[in-house]
Each structure stands twice: as C-alpha cells, then as structure tokens.
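See below for the structure under consideration.
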Amino acid sequence: MKRPLFHRRKFLTTSSSAAAALLLHRSAFAQPAPVPLHIDTAAAGHLISPDFIGLSYENMQLEDPSFFSPRNTGLIEQFKAISPRGVLRLGGNTSEFSWWQATPSQRPPERNLVLPNGSRPQSTLYAITPQTIRELNGFLKATGWTCIYGLNLGFGSPVTDIPEAQYVSATLGPRLQYFQIGNEVDQFIQYHLRDGETWTPDLYLQQWLTIAQAVQKSIPNARFGLPDVASEVDWLTRIAQLWPSVTDKPKVTTLSHHYYWSGPPSNPRATIPRLLQTDPAVARKAALARQASARLGTTFRMTEGNTVYRGGKSGLSDVFASALWAADYLLTLMQLGYSGVNLHGGSGHAQAVSVGGTFVGEAEMKDPNQPHPKPFYTPIANRGTLAGRGVNGKLSPDYLLEPTGYGMTFVSSFAGATMLPVNFDPGPINAVAYAARTPGHTLLLIILNKDQTQPLTIQLPPCTLHQVLTASSLTTQEAHLLQGPAASALVPIRNATALIPAATGATFLLT
C-alpha cells in the first residue's frame, strides 16, 4: 500500500493557544524588501533514498533483549515517528567488546580491554545471544526499518565472527542491509586495539578482508560496508586505490565514515552560534567519500555522528538549536549525495560505557543532578532519565523525542524525493533553503532561518504552508512541530510573501 506523502501524527498537534504562547517569545517584524527565491525545476539533482533517515546505537544495547524488541512499543512509536522507513545502525566503540554466546553454557573469552579514555574496566565484555537477534528482528518488522550490523574487528576473527554473522543473516533476512566489521578503525591505536605506528589503511584492509572473505564464503549473499572511520576520510581514498588489486572481492555496497561537529564538551568553541554556521568540513569529507565510492561502484553513508562527541554538551546538544542543526545537516547530506545518515544515541548505560564510563559533559553542568538526556545528544530519550523535566510531544510513557529527533522528523518528507537546485541569497540573515520533487511530483521547499535574532521575509512561488519547526528559544529543552492554524499563525503568508521568525524552520508545498 502506498503511504500518503503527508500524514498527521499525534505529537504534531499543537493547539492555537500553544502557538500564541510561542509567539509571545518570538517577535516577528516586517523587513523592507522580501528575499527572492527561485527553484530550478528543470535541473534535477540527487535522488534521496527512501530510507535515508537513520539512527545509530551501540552494539552494547544488544545485551538487553527487551530493548530492541517488538514488545518495546514506546520505542517503536518513536522510530516510526522519525521516519516510516529508516536504517538502524548497530556498532560504536562497544562493538569491539561483544562476544557471541550461542548457548547459555558458553563462557566469555579472556581479553585485555582498554576503554577509549584509557581506563581498564573490571567487566566490559557483554554477550549477544540468539534471543537478542530474534527480538531485534521483531523490532525491525514492527518499525519498518532495516539494519546495519556491526561485527567485531578489534578482537574478532573468522572463528568468532562467522557464527554470529550466520545467525544474524538467517534471522534478519531482508531486514539486514549489510555487515560492518570494525568501528572507527582509524582510532584503533588510540583505543589500544592495535599497537605501534604500523596500523594503516593497508593493514586494516588486510585484516578486514580476512574476516569479510570468510563470512562471504559462509554466507554467499552477505553484503558489507567499510571502513567506518571516525574522522580520517582519506582512508576511503586509500582503500579505493587498493581495491583493484584485491582478489576474491567481498560484496561491498557502502563506504562509510563518522562526523561529530565538535568536541569534547569542554571545548569553548562548541557554542550555539558556531553550531548554526556552515561547517566547510562537511563538503570536504563528502567530496572524498564521493570520489572513493565512485571508484568502487558503491554508495557512501555517514553512519555515526552528532553535535559534540563524548556524549554531547548540556545547553547545546539537548536544546532547540540542535533541532535546527540536525535538520540542516541532514538536508546538506541529501544535497551532497549521501545514501543516508545515522545520528548516534541510545540508553545511558551503553553510551556511557562507549565513552569510558561517564558522560564528561556532566562536569560542565551547573547541577549534574538536574534531569537530562543521557547522552545529551540522543534523538530519542528514555523518560526515566528525565523525571521532573517539562517536555512536549510525548507518544508513550517510556520514550520521547529530543530536539535532535524533532529536527530529523521535520526533514523526513524529503526521503525518496529528488533534490532541486535553489537560487537563494538571504544576505546577512543566517538562513538556508532546500527543495525537492517527490515521486508523486509534489514540490517541497524547506526554509531554515537559523538566525538567532533576525526574521526572514521571503518571496515565494504559489504555495501552502505545511509544517513549522519551532520553540520558544534556541536554548529551551523542547521543540514543536506545528501544522494547520497554529503553523499559519507563526509563519504567515500574504501576497506570495512569507515571514519566518528567527530560529524557525518551515516546509512549504508548491502549487
């Protein structure tokens, strides 16, 4: 059954009184001359994958079979709210700490593990069991999502990884997109997973091939992604250079890398004004990824990232500014030709282990006991960590969308559409515009006014307002998606001119 392009969700409904309350906080005043905008409908750009939107979780989340489970209906609702089709990526630092426990009698292997912060934990190993994978399959069925599954490279081998891969492949079937072997492999020396200066893309590829070729032989229809680097995207270039000489090539579908805008949380340059500016590194990384993927005949994907690494920063990663950042970042990657993006999040325990045991951003808080999402940047939070905090838009008593999640939801209408060039110069106002044509030939336009103080008056083609992304301020720990009269009250359209308040996003349907 074909899904309608737009549909109302419970959490999008906001009363006129709520919109009026927002207007009290968001003054709007006319500008002397509206900014013109032109969409080149004849010059089609990149076709966006229908499952472009994705979330990234630590593999350690799989130690709890009840988390990714068809019975975890609250989490399922939130996944479906972000996108009716998406990709769940399971990996992260903890993908190197897992072991496959095929039977209850098996004992964990002996490993000398060191966490990313250099500490040596008493117990870091966790088991992934057949029950967990069966539950994961039910969760994916319920959400309509597929999965990228991380196998262990740090301590992995064909002997350890093949049985896990066989069970995952047989159980998930078409819901498994591909296997990722190793996480942030360019950081293996820093994470004490490899020694010395001999760890290079060349050696990585040799060790990756040892496992991938064995898995391919065991599972002929298996597919793979690589190298999933943290920041050294030039690794993709080197792998593309080496690939022609590889014999017995595994079926690689995707080249991948990560992106965190800034970090650590103590970095004084990690501020909201800088977050809302364009980061030239995004385009540079995209150019390298695009060139390498073209040589291999694959797609390229950003499989893990968010605002501030090491768990996010209070007052930046968990506030409305991050919603505008997420919307702009995803739209930028759509425009640059990525096949998808996975913003990182998850439960407090798994995420804390992945960054060394504690969220270092808590040290930056005035009161670390104040309820806050763990990690700060997670798109979906567990309501149990937010007791007493005023929140909006809940779908269930267990989970809620955080601002980053609202930013992802806001742009999900572009998934499956074709990007169109936009001629738009807002001058001194920090605003961006994106347009796309849906398979049903509807023209979509998103304007993000990221300016902290200045409203944007813009001249538009004939259109109707569909949706508004807003909040009372950039620093509030909430977000709103408005439709209908509430949206029109905030973003009025008169005589083909729209007024978009500061720090507001708007989606228009062109007629």
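Scan the range 232-265 for residues that are among the acidic types (Asp, Glu) and either more than 29 Å from Ala363 (Cβ to Cβ) or open to solvent by less than 10 Å² (accessible area, probe 1.4 Å) (or both) and the total you get is 2. Residues of the range 223-254 that are of a type in the set (A, V, I, L, M), more than 16 Å from the chain's Cα centre (by Cα) and outside any loop (DSSP other than H, G, I, E, B): Leu226, Leu236, Ile239, Ala240, Leu242, Val252.
Of all residues in the range 457-471, none are outside any strand (DSSP E or B), in contact with a helix residue (DSSP H, G or I) (Cβ under 6 Å, 6 or more places away or on another chain) and open to solvent by 40 Å² or more (accessible area, probe 1.4 Å). When only residues in the range 39-60 that are of a type in the set (S, T, N, Q) and surrounded by 22 or more Cβ atoms within 10 Å (Cβ to Cβ) count, which is modelled with the lowest pLDDT? Of everything passing the filter in the range 39-60, Asn59 is modelled with the lowest pLDDT. Only one of Leu330, Leu316 is at pLDDT 95 or above, open to solvent by less than 10 Å² (accessible area, probe 1.4 Å) and more than 30 Å from Lys251 (Cα to Cα). Can you tell me which? Exactly one residue qualifies, and that residue is Leu316. Residue count for the range 172-207, restricted to those that are under 25 Å from the mean Cα position of the chain (by Cα) and not charged (D, E, K, R): 16.
Quick grid of which residues meet (1) at pLDDT below 95; (2) of a type outside the set (A, V, I, L, M, F, W, C); (3) open to solvent by less than 10 Å² (accessible area, probe 1.4 Å):
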residue: Asn112; (1), (2), (3): yes, yes, no
residue: Asn117; (1), (2), (3): yes, yes, no
residue: Gly144; (1), (2), (3): no, yes, no
residue: Ile148; (1), (2), (3): no, no, yes
residue: Phe155; (1), (2), (3): yes, no, no
residue: Ile162; (1), (2), (3): no, no, no
residue: Thr171; (1), (2), (3): no, yes, no
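Answer with yes or no whether Arg71 is in a loop (DSSP other than H, G, I, E, B) and either under 21 Å from the mean Cα position of the chain (by Cα) or basic (Lys, Arg) (or both). Answer is yes for this residue.
Once the range 173-231 is narrowed to residues that are open to solvent by 10 Å² or more (accessible area, probe 1.4 Å) and small (Gly, Ala, Ser), the residue that is farthest from Arg310 (Cα to Cα) is Ser218. The set of residues in the range 283-321 that are β-branched (Val, Ile, Thr) and in contact with a Phe, Trp or Tyr (Cβ under 7 Å, 6 or more places away or on another chain) comprises Thr307, Val308.
The values are calculated or read from the model by the stated rules, or taken from the named source; none is laboratory data. Worth saying up front: this structure is predicted, and the values here are computed from it rather than measured. Counting neighbours? That spans all protein chains shown, and the Cβs are built from the backbone with ideal geometry, glycine included. These accessible areas exclude ligands, DNA and RNA; they are computed on the full protein's heavy atoms, side chains included. Shrake-Rupley method; radii C 1.70, N 1.55, O 1.52, S 1.80 Å.
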